[in-house]
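Working notes for the structure below.
The values are calculated or read from the model by the stated rules, or taken from the named source; none is laboratory data. Every value quoted in this text rests on a predicted model; they were computed, and no experiment measured them. Don't worry about glycine lacking a Cβ; one is built from the backbone with ideal geometry, like all the others, and counts go over all protein chains shown. All accessible areas refer to the heavy atoms of the entire protein, side chains included, with ligands and DNA or RNA removed. Shrake-Rupley method; radii C 1.70, N 1.55, O 1.52, S 1.80 Å.
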Amino acid sequence: MADQKPPKVTITYCAECGYEPQTIALTNALMIQFGNHLSSIELIPWDEGAFDVRVGGELVHSMFRDGGFPANEDVVAAVKRKLGEG
């Protein structure tokens with residue numbers, strides 16, 4: 001991995017909408033792919049249909065902007081870019 005500070009991934013999800021399965025699946029994919037190469041994975045329960053993903057502070061997916069849920073592979077690719085791998 002590139003010699004950089006590990007990024008933080010933040011997932012803001014709509015708790016009242018029942019988005020926990022998608023949140024947990026994405027978190028699992030990130031943990032398996034990157035292990036200790038992330039500084040943290042922060043989960044923020046929200047409302048109003050939100051599902052936003054930030055990598056190192058950069059918004060890489062927004063349900064409102066992009067529609068639907070992100071493919072786990074797309075978020076993994078965003079993390080790799082942040083780490084200088086992609």
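Can you name the residue in segment 75-85 that is without any contact (Cβ under 8 Å) to a residue 40 or more places away in the chain and surrounded by fewer than 19 Cβ atoms within 10 Å (Cβ to Cβ) and, of all such residues, is farthest from residue 28 (Cα to Cα)?
Among residues in segment 75-85 that are without any contact (Cβ under 8 Å) to a residue 40 or more places away in the chain and surrounded by fewer than 19 Cβ atoms within 10 Å (Cβ to Cβ), the one farthest from residue 28 (Cα to Cα) is 81.
Name every residue in segment 1-10 that is among the basic types (Lys, Arg) and either surrounded by 12 or more Cβ atoms within 10 Å (Cβ to Cβ) or touching a Lys or Arg at 6+ places or on another chain (Cβ under 8 Å) (or both), in order of residue number.
Across segment 1-10, the qualifying residue is only 8.
Considering only residues that are among the charged types (D, E, K, R) and without any contact (Cβ under 8 Å) to a residue 12 or more places away in the chain, which ones fall in segment 4-58?
The one that is among the charged types (D, E, K, R) and without any contact (Cβ under 8 Å) to a residue 12 or more places away in the chain: 20.
Among the numbered criteria (1) among the hydroxyl-bearing types (Ser, Thr, Tyr); (2) over 23 Å from residue 86 (Cβ atoms); (3) over 11 Å from the mean Cα position of the chain (by Cα), which single criterion is violated by residue 39?
All conditions are met except number (2).
Exactly one condition in (1) touching a strand residue (DSSP E or B) at 6+ places or on another chain (Cβ under 6 Å); (2) without any contact (Cβ under 8 Å) to a residue 12 or more places away in the chain; (3) not small (Gly, Ala, Ser) is false for residue 61; which is it?
It fails just one condition, (2).
Within segment 67-84, can you find the residues that are within 16 Å of residue 10 (Cβ to Cβ) and in a helix (DSSP H, G or I)?
Answer for segment 67-84, where residues must be within 16 Å of residue 10 (Cβ to Cβ) and in a helix (DSSP H, G or I): 72, 74, 75, 76, 78, 79, 82.
Restricting attention to segment 58-69, and to residues there that are under 11 Å from the mean Cα position of the chain (by Cα) and farther than 16 Å from residue 80 by Cβ, which single residue is surrounded by the most Cβ atoms within 10 Å (Cβ to Cβ)?
69
For residues that are within 14 Å of the chain's Cα centre (by Cα) and either open to solvent by 20 Å² or more (accessible area, probe 1.4 Å) or farther than 17 Å from residue 62 by Cα (or both), tally how many sit in segment 11-26.
8
Spot the failing condition for residue 72; the list is (1) open to solvent by less than 30 Å² (accessible area, probe 1.4 Å); (2) under 12 Å from the mean Cα position of the chain (by Cα); (3) not small (Gly, Ala, Ser), and only one is missed.
With (1) open to solvent by less than 30 Å² (accessible area, probe 1.4 Å); (2) under 12 Å from the mean Cα position of the chain (by Cα); (3) not small (Gly, Ala, Ser) applied to residue 72, the lone miss is (1).
Looking only at segment 1-28, count how many residues are assigned to a helix (DSSP H, G or I) and among the charged types (D, E, K, R).
Residues flagged as assigned to a helix (DSSP H, G or I) and among the charged types (D, E, K, R) within segment 1-28 amount to 1.
Would you pick out the residues in segment 29-57 that are open to solvent by 80 Å² or more (accessible area, probe 1.4 Å) and either assigned to a loop (DSSP other than H, G, I, E, B) or within 16 Å of residue 76 (Cβ to Cβ) (or both)?
Within segment 29-57, 31, 32, 33, 36, 48, 54 meet the criteria.
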